[in-house]
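Have a look at the structure below before the remarks.
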């Protein structure tokens, strides 16, 4: 089973709201789990006017993730795992900001279940921003790179 097949299974799980998928053969065992988002409804009732609440300290400033636009799109993680920017700690990263990528360009590795999976750009453009730090955990569908397409 290759990374494209695993990504396809993960997308089907999301589309059909499955939380777990298990397949086992003599050669391998694949167990995918995802958390199901809980949705609850609340009834809104009118409340008499109350004095304004005490000021709450603002949370520390964090750079917000910019949504992908037509001018910039993202390369997303096809699996859950650990992101590695280079093939080895002593090697340069596969890509950096300003690098041109094509559909077959390997942009990173994601380690999942002790397997190193090469992730390809699957898009043509220039790396505008790297969105994940080396050795950071990533989730399925999480943006890894922002690219400006040609």
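Read-outs throughout are calculated quantities, based only on the coordinates presented, and are distinct from any laboratory measurement. Worth saying up front: this structure is predicted, and the values here are computed from it rather than measured. Heads up, the Cβs are rebuilt from the backbone with ideal geometry, glycines too, and the neighbour counts pull from every protein chain shown.
Summary of values
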{"item": "Projected-area mean, segment 73-149, by convex hull of Cα positions, square nanometres", "result": "4.4 nm²"}
{"item": "Estimated FRET transfer efficiency when R0 is 22 angstrom, pair residue 97-residue 2 (beta carbons, to 0.05)", "result": "0.15"}
{"item": "Label-to-label distance, nm, for residues given as residue 150 and residue 104 (7 Å Cα→Cβ offset)", "result": "1.4 nm"}
